[in-house]
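See below for the structure under consideration.
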4 protein chains.
Amino acid sequence: MTTPQSPAQATFQLTHNAYGKSANRLVRIVRDSPRHEIRDVTVDVRLWGAFEHVYLDGSNAEIPATDTMKNTVFALGKTDFSTGAIEDFGAVLAQHFVATSPRVERARVHLVEHPWVRLPADAEGSDHTFFRGSSGNHVAWVEHDGATGTTSVKAGLDDLYVLKSTASGFVGFERTALTTLAETDDRILATTVQAEWTYAPDVDDYAESWTAIRDVLVRRFADHHSDSVQGTIFNIGTAILEARPEVLDVTIELPNKHHLKVDLAPFGIANENEVFVATQDPFGLITGTVARAAA
Amino acid sequence: MTTPQSPAQATFQLTHNAYGKSANRLVRIVRDSPRHEIRDVTVDVRLWGAFEHVYLDGSNAEIPATDTMKNTVFALGKTDFSTGAIEDFGAVLAQHFVATSPRVERARVHLVEHPWVRLPADAEGSDHTFFRGSSGNHVAWVEHDGATGTTSVKAGLDDLYVLKSTASGFVGFERTALTTLAETDDRILATTVQAEWTYAPDVDDYAESWTAIRDVLVRRFADHHSDSVQGTIFNIGTAILEARPEVLDVTIELPNKHHLKVDLAPFGIANENEVFVATQDPFGLITGTVARAAA
Amino acid sequence: MTTPQSPAQATFQLTHNAYGKSANRLVRIVRDSPRHEIRDVTVDVRLWGAFEHVYLDGSNAEIPATDTMKNTVFALGKTDFSTGAIEDFGAVLAQHFVATSPRVERARVHLVEHPWVRLPADAEGSDHTFFRGSSGNHVAWVEHDGATGTTSVKAGLDDLYVLKSTASGFVGFERTALTTLAETDDRILATTVQAEWTYAPDVDDYAESWTAIRDVLVRRFADHHSDSVQGTIFNIGTAILEARPEVLDVTIELPNKHHLKVDLAPFGIANENEVFVATQDPFGLITGTVARAAA
Amino acid sequence: MTTPQSPAQATFQLTHNAYGKSANRLVRIVRDSPRHEIRDVTVDVRLWGAFEHVYLDGSNAEIPATDTMKNTVFALGKTDFSTGAIEDFGAVLAQHFVATSPRVERARVHLVEHPWVRLPADAEGSDHTFFRGSSGNHVAWVEHDGATGTTSVKAGLDDLYVLKSTASGFVGFERTALTTLAETDDRILATTVQAEWTYAPDVDDYAESWTAIRDVLVRRFADHHSDSVQGTIFNIGTAILEARPEVLDVTIELPNKHHLKVDLAPFGIANENEVFVATQDPFGLITGTVARAAA
């Protein structure tokens, strides 16, 4: 049943490898007082290191099981995570994996915090009752490199569904034999924002930064006239960089969730940008990175 | 290629039939002023009537195409829907289908309104910028019967994800040879609420009723101690009936989105209901209907 | 924190209740010989009975926990399920719940068997290696009523995605002011079949019946000219009843997964039913039940 | 309403940009004879080029609309795609975008072909009736670079769900204070294969290559004893490279779809690797690339 692996190793090489445990669904209740806090985080762990023997030799010597990574997320979820930022918890985890397993050279922890909203204060039981929010997930990537001892942090936002019912158009584009799209100076712009940014070192308060960046992003989405999804990306990116000096660059990817104006003319009904059909596919997908200009 | 159908008709009968168009994704922008309103509704249409010949005879005579139903949703979405309740729009649609197609005897329109939240008033562009809400979908079923000329209305709520971090337990249940569950007087109770209620005739304002019922539901979920999901259902159901005389009965179905306490004892760590793993399956599913008692 | 329940009980009544455990993901390997069999079943349990006190009184006395239902599925999955039909396993489960818990009056077990296909016999390791099939799920509903001692069985099929690239049309339908659909005598008909049938008592071999019914269904979908989805439903239903005397009636629900012919005329290209766009929404949804005619 | 963009441009720069149209759902029926062929492909287009002005200046001059990309997929789907490989169609598309739009410097076309299986030949109507297959999607990435005039091709496979009911174990791994996993020399190994490989130039027949590679992959998954998911990846990768000289390297990513052995001991029932619970999360995720060794 066993396939002899030696001949293959002579001819072929393993040029890349990594492994980890994904979708660890950690919910942490902070109950130091009757007013509970809830942290709801999906944690993915990925490790790089001296793991070639596992691929080549049928040996699992000295490698952490992905099950142990899961245990680690939950154990350190108790001892090292309560009201702090997920970026800080991610750093603890990433450093732990490098520190405790000699063969682990680099660890990346991806965290997605799902928002919960507390009930209004006048609701009895609001100290411990929440409903799921829709303000976007707080995402973070924390990576620790054992060789250099450095920990790098990126943060981002996803699953934020926003819509402008006007102040958006698309005109003046290329027309070829295969172009049928009409120009419009008034359309719906709807998208699910996915943004990712790099922090300068020594950020004081990752949670405060994230909230402030999200606020800038949403307000700029609202306050500008969109000439294209591309223009909206640049507008948002520069607004974030202007407002938040701790951000070095920001990458934004926006699906264009098309809302097509319905042609009601066959029924003798005017449709002055009032009736749309929301479509799933196909969809435009536009991305861009905005960074600080070199001095 | 054609299968002769006559012999079959002698031996077999069509005992039930219906058809319609589902997932009509209507977005209606009300732009009578610079402060736009957005209505985002998924409409399903289903018709019953004298359609047997379509099944039996290979004839489509006098039956509305589902494509026409789609056109109807969008055309009447312009002429008969703006800031009013989806229940009223549903009634217009249901009555239209019965009135315009002689073979249609009964029409049911199912509407799901997806919540959008306007940006704060101090945000420039808030007149026309929204983000998706998470306060639960407003659901309605409106049915019009051509024979009796009656229109009946049910409403409901779905996709409302709520969680209590305490004030929930489960003790004293049956123990058999196959029971392993430990009793607990302190657990997480999390669920996605699905509720459906019947209105008395002559409701003044369906939108106002829905909002008030949702508020009662959420506050009661928060303010009581849950002895079981069943008890929570009865608590919520009675709270709605007490508060809202226009509701005749309410059916609530709650999946128990289990959050399992993680055993950290093997690591020498105490877990006093602080660290949980959120699970997808299996899940408990509990339902009940509460109605006004007969006099 | 506790809501007094007595006043509510005076005014309101619980008119319906049920509960159970859903999405029990049982995988059973039959390894009596080196040639393994795999059974992959999702089991949902639902119970009805004397459970009012749980809703009304905050007492869980004598009721089975849904966790115990889960344990039961897996324990009996070992002792009472191997190569037999899921209908027979469902009967064992349903009867068990009624027999072992005095308050349970009726139990319904819903089973969905996911198909796996063994590798070809000439593949080394085919005795224990499988890939997921796409021949449709085998679905069953088995219900046991404690009062009458009867067990009833329904079976069905879902998630079978089929397509006819021709031999399907739709003409002669109602045309109103809101109709824009063109007639066509040649279109794609694509659907995901959902079928459900009632068995006469004393079926010998549920697995053999299911396979034979599925075969009739697929072949009739292929061999007839479809004048409408409705006509296809009646054709398939009668074919099943003609071929399989153990079937009393069959209900078929077909979503019309529209494949729209793309208009290439603006580009000077003819499209003779060769290029289509597959769409997700909206979709037609058509249903019908065919039964044996009364004597 | 317009945000002045000039100051931002002085301070910030656009360091990356791209855009395109995703999820073009092309279905192509080849009907040169009564025996139809069906091609069902999801096409994503992404373009890179001189698009900065769109982000910075509010001008869409000379850029193709994503709607035009959609039209192109369907138009060329008629003229340039029938029974050939998706890799060849992808090359036509990628080269078209670079050739027809002066500002486009590079185009990448991602194609996913969904399998359909023809009905058995003895089924009437099998010439034009199909059911969805489960043999895995055929994936391809074709990129054309206008500057160099080169077209590169990668292919792959995804959504192939396979399972070994034995001949898989996991022993000898690292044990720390956070390790609880038991060693096992007999477990279920289940995964959804995602593979991606690079072709040498001048492949004759991409379709034939893909089918042969898939066959090697599946047979090797079956015929070896898995000491770890990592070992399985290397085994499969080397098998492909040994069998198919046109493959330069292959990257395989396997989620470990855990099937956990159910502990039936509390019920006095032995479970000799016969009863498992299929779980969704968390899951291990393992990846590796195998390449030909340098001479």
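The values are calculated or read from the model by the stated rules, or taken from the named source; none is laboratory data. All figures in this text were calculated on a predicted structure; none of them were measured in a lab. Neighbour counts run over all protein chains shown; Cβ positions are idealised from the backbone, glycine included.
In table form, for the structure just shown:
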read-out	value
Meets criteria (within 7 Å of another protein chain (Cβ to nearest Cβ) and modelled with pLDDT of 95 or more) for residue D:61	yes
Hey, residue B:241 in a strand (DSSP E or B) and either more than 9 Å from chain A (Cβ to nearest Cβ) or closer than 23 Å to residue A:118 by Cα (or both) or not	no
Hey, residue D:143 under 18 Å from the mean Cα position of the chain (by Cα) and either closer than 20 Å to residue D:97 by Cβ or in a loop (DSSP other than H, G, I, E, B) (or both) or not	yes
Set B:163, B:217, B:178: member being within 30 Å of residue A:37 (Cα to Cα) and over 19 Å from the mean Cα position of the chain (by Cα)	B:163
Set B:211, B:232: member being modelled with pLDDT of 95 or more, crowded, with 17+ Cβ neighbours inside 10 Å and under 20 Å from the mean Cα position of the chain (by Cα)	B:232
Lone qualifier among C:183, C:174 - being surrounded by fewer than 23 Cβ atoms within 10 Å (Cβ to Cβ) and either at the interface with another protein chain (Cβ under 7 Å from one of its Cβ atoms) or under 26 Å from residue C:142 (Cβ atoms) (or both)	C:174
Some residue of segment C:44-63 being surrounded by fewer than 22 Cβ atoms within 10 Å (Cβ to Cβ) and farther than 26 Å from residue B:224 by Cβ	yes
Tally of residues being crowded, with 18+ Cβ neighbours inside 10 Å and touching a residue at least 12 places away in the same chain (Cβ under 8 Å) across segment D:116-134	9
First in segment D:222-235 and free of Cβ contacts under 8 Å to residues at least 40 places away in the same chain and more than 21 Å from residue A:67 (Cβ to Cβ), second anywhere and among the aliphatic types (A, V, I, L, M) and crowded, with 23+ Cβ neighbours inside 10 Å, Cβ under 7 Å, 6 or more apart	none
Long-range neighbours under 6 Å by Cβ, at least six apart or interchain, first residue more than 7 Å from every other protein chain (Cβ to nearest Cβ) within segment C:27-41, second small (Gly, Ala, Ser) and surrounded by fewer than 19 Cβ atoms within 10 Å (Cβ to Cβ)	C:30/C:82
Hits in segment C:100-137 - residues which are part of a strand (DSSP E or B) and either under 30 Å from residue C:48 (Cα atoms) or among the aliphatic types (A, V, I, L, M) (or both)	C:104, C:105, C:106, C:107, C:108, C:109, C:110, C:111, C:112, C:113, C:117, C:137
Residue under evaluation residue C:269, criteria (1) assigned to a loop (DSSP other than H, G, I, E, B); (2) facing chain B (nearest Cβ under 9 Å); (3) surrounded by 15 or more Cβ atoms within 10 Å (Cβ to Cβ), criterion not met	(2)
In segment B:168-187, the residues that are touching an Asp or Glu at 6+ places or on another chain (Cβ under 8 Å) and in contact (Cβ under 8 Å) with a residue 12 or more places away in the chain	B:168, B:169, B:170, B:171
Residue in segment A:278-295 that is surrounded by the most Cβ atoms within 10 Å (Cβ to Cβ), counting only those that are within 28 Å of the chain's Cα centre (by Cα) and more than 9 Å from chain D (Cβ to nearest Cβ)	A:278
Among (1) more than 23 Å from residue B:155 (Cα to Cα); (2) buried (at least 17 other Cβ atoms within 10 Å of the Cβ); (3) at pLDDT 95 or above - the single one residue B:5 does not satisfy	(3)
Top-ranked residue of segment B:150-166 - restricted to ones that are among the aliphatic types (A, V, I, L, M) and within 9 Å of chain A (Cβ to nearest Cβ), ranked as farthest from residue A:126 (Cα to Cα)	B:160
Test result for residue C:145, at pLDDT below 95 and surrounded by fewer than 17 Cβ atoms within 10 Å (Cβ to Cβ)	no
Search result, residues across segment D:10-32 that are part of a strand (DSSP E or B) and hydroxyl-bearing (Ser, Thr, Tyr)	D:15, D:19, D:22
Long-range neighbours under 9 Å by Cβ, at least six apart or interchain, first residue under 16 Å from residue D:68 (Cβ atoms) within segment C:261-289, second of a type in the set (Lys, Arg)	C:262/D:78; C:264/D:78; C:267/D:78; C:269/D:78; C:277/C:261; C:277/D:25; C:277/D:70
Options C:85, C:91, C:107: the member that is over 30 Å from residue D:133 (Cα atoms), touching a Phe, Trp or Tyr at 6+ places or on another chain (Cβ under 6 Å) and either crowded, with 21+ Cβ neighbours inside 10 Å or among the acidic types (Asp, Glu) (or both)	C:107
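Conditions tested, residue by residue: (1) within 25 Å of residue A:248 (Cα to Cα); (2) in contact (Cβ under 8 Å) with a residue 24 or more places away in the chain; (3) in contact with a Lys or Arg (Cβ under 7 Å, 6 or more places away or on another chain); (4) not in a helix (DSSP H, G or I).
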| residue | (1), (2), (3), (4) |
| --- | --- |
| A:62 | no, yes, yes, yes |
| A:70 | no, yes, yes, no |
| A:139 | yes, yes, no, yes |
| A:147 | yes, yes, no, yes |
| A:156 | yes, yes, no, yes |
